[in-house]
Amino acid sequence: MYTVMKNWILPALLLSRTAVGLQIPLPFDSSVLEKWMPFGQEQVHHYSTVDENEWPINVQQYQNEVVIRVDYSKSRDLKKYLFSTRYSSEDSGEKVVFKRWSNNNIKQYVDLQINEQNLVKLVDSFPSLNYTIIIDDLAQKVFETYPENYEKPSQKKLYSSKKSYQYKATEEVVEATKLNALSELFFKEYRPLETIDAWLEILQQTYPNIITLEDIGHTYEHRSYKVVHFHVPNNDEHGDRKTIVVTGGVHAREWISVSSVLFTIYELLQLYVENPNSKILKELDFLFIPVSNPDGYEYTWTTDRLWRKNRQETIFPRCFGIDIDHSFDFHWTKSSDWACGEEYSGEVPFEAIETQIWEQYLNATNNDHKIWGYIDLHSYAEEVLYPYAYSCSEMPRDEENLIELAYGISKAIRMQSGKTYSVLPACIDKDVDLLPDLGAGNGLDYMYHNRAYWAYQLKLRDSGSHGFLLPGKYIEPVGMEIFAGIKYFCSFILSDDR
């Protein structure tokens, strides 16, 4: 079904993993690889051997696509081209069509999602192109990120006589959590929105004095926008506490960010059971938004695993979605991307409904929550980013301590798992010197300038071999390292006598 590009891509992958220029076609029988993963890895059925009706989504939309890492360190023209080329599928013609996944401005490379035809065009345009294939079969990689026994909602009956669930897994998680609120079953796989909501409801029922679920608004597709308020009573005035805000899932395809916020809630409950008098619990208040983009997240489970934006209408009827992280009203600049593009900012600040809901909530509860810390989880890159994103010429207040805390978070992660998260200003990550609009209207800058004294964006695992498609087996290891970083963050704030 997809051997056309395998005949020349896979030999390059297996022999060197690094392609310089266009590779000469080589004869290669990929029939074995079409059914199984490479030798030495856990054997997983290839999607082409599974009945299409049992696919979680239509994975053929990624057929013949790969993800490559392009080194642009030796060509300013190549870098400019890769970051300024934004074309619609209707106007592709002879132009190169690709999607940017991630950029490392320090190491000078960018990861691109691209198909065979456009890769050939790119190499024709830049004959000395130096690239590495990091995902050689994108359709299969997408297929593997869904739970093993996942079925599309339209195929399923409604489970449970007590409550109508679309997914059998939801019923299983609910029953396990009722028996043991701290069951680890929930974190064995990525979970759809229905299962997440059901799990949080059980936690609220189990710990009603600690966890409160707040519906603070509704999205374009009428889904509830939920905040998890974690508060351990301490016979003090609520307003005297410092509040920590942790968010995830702003970009829908970044599932590991969602699971890591949920894992942080889980670990705080573990801490409460083991040490209810912990200073972190007694003196801090927590607001969590595990799924900051409910419509987009649901869309990744039903239609397109790699969807990034929200799902609201734009100025073009057939183009849906605004990049929530480009919609905040702080140094907002209209993006150069068009309405169908992944980085479209909307036409005005706060056009993304989710940013409106969050801003209204913060204004309404400003007297109750004195926000001292803000952490926004994303993927992927393994980085701790500090303000500002919109400009490298604007210095953040108390920069020395801000950097010190960032390195402390990175060290805590390294002590937990051995992973090294780089520390750098967000403007360098965004490369705003080349494209200023990429850092405009950023949630990190908005929260740091208007709400929180300490603010960071953490880009979670990995560094590229999986990209946005990190396997579910990493949910707990990543969750543990991020919680270690957040614990250090909390301890630092508690020691700050400002």
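Rule-based calculations on the coordinates, nothing more; no lab input. It should be emphasised that the depicted structure is a prediction, and the values quoted were computed from it without experimental measurement. Cβ coordinates were reconstructed from backbone atoms using ideal geometry, including for glycine residues, and neighbour counts include every protein chain displayed.
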Tabulate in residue order the Karplus-calculated ³J(HN,Hα) for the stretch 264-280, using 6.51 cos²θ - 1.76 cosθ + 1.60 with θ = phi - 60°, rounded to whole Hz; enter x for Gly and Pro.
5, 4, 4, 5, 5, 5, 4, 5, 5, 5, 7, 8, x, 9, 3, 4, 4
In sequence order, what are the phi-derived ³J(HN,Hα) couplings for the stretch 192-206 according to the Karplus relation 6.51 cos²θ - 1.76 cosθ + 1.60 with θ = phi - 60°, rounded to whole Hz, with x for glycine and proline?
x, 4, 4, 5, 4, 4, 5, 4, 5, 5, 5, 4, 5, 5, 7
Considering the options 416, 374, 401, tell which one lies farthest towards the positive end of the dipole of the stretch 324-427, charges being +1 on Lys and Arg and -1 on Asp and Glu at the Cβ, about the Cα centre.
416
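Apply the a/c threshold of 1.5 to the C-alpha gyration tensor of the stretch 369-498 and tell me whether it is rounded, prolate or oblate.
Since a/c reaches 1.5 but b/c is at least a/b, the shape of the stretch 369-498 is classed as oblate.
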Report, by chain and number, residues whose modeled amide H sits under 5 Å from the one on residue 312, excluding near sequence neighbours (fewer than 5 apart, same chain).
321, 322
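Pairs to check: 141/168; 309/430; 178/279; 168/473; 430/473; 99/430. Give those whose C-alpha atoms are more than 26 Å from each other in this structure. Spell out each step's value before the answer.
Values: 141/168 24 Å; 309/430 17 Å; 178/279 28 Å; 168/473 20 Å; 430/473 29 Å; 99/430 16 Å.
Exceeds cut-off: 178/279; 430/473.
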Sequence-distant or interchain residues sharing an amide H contact under 5 Å with residue 467, placed H: which?
462
Taking Cα pairs closer than 8 Å and at least 6 residues apart, the relative contact order of the stretch 179-315 in percent is 28 percent
Integer Hz, Karplus 6.51/-1.76/1.60 couplings in order for the stretch 331-336, x for Gly and Pro:
6, 5, 9, 4, 6, 7
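Give the Rg/Rh ratio for the stretch 212-326, taking Rg as the radius of gyration of the Cα atoms and Rh as the Kirkwood radius, to two decimals. Let's see the in-between values first.
Working: Rg = 16.8 Å, Rh = 15.6 Å.
Ratio of gyration radius to Kirkwood radius: 1.08.
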Mind putting a number on the dipole of the stretch 412-498 about its Cα centre? Charges go on the C-beta only, +1 for Lys and Arg and -1 for Asp and Glu, and I need it in Debye to the nearest 20.
320 debye
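Return the Rg/Rh value of the stretch 296-360, two decimal places, where both radii are evaluated on C-alpha atoms and Rh is the Kirkwood radius.
Numbers: Rg = 11.4 Å, Rh = 11.9 Å.
Here the Rg-to-Rh quotient is 0.96.
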Taking 2.2 N^0.38 Å as the expected size of a compact globular protein, what ratio does the Cα radius of gyration of the stretch 209-255 give against it, to two decimals?
1.48
Relative contact order of the stretch 179-253: what whole-number percent is it, with Cα pairs under 8 angstrom and at least 6 residues apart?
19 percent
Can you give me the long-range amide H partners of residue 286? Hydrogens built in the peptide plane at 1.01 Å from N, cutoff under 5 Å, separation of 5 or more residues or another chain.
230, 244
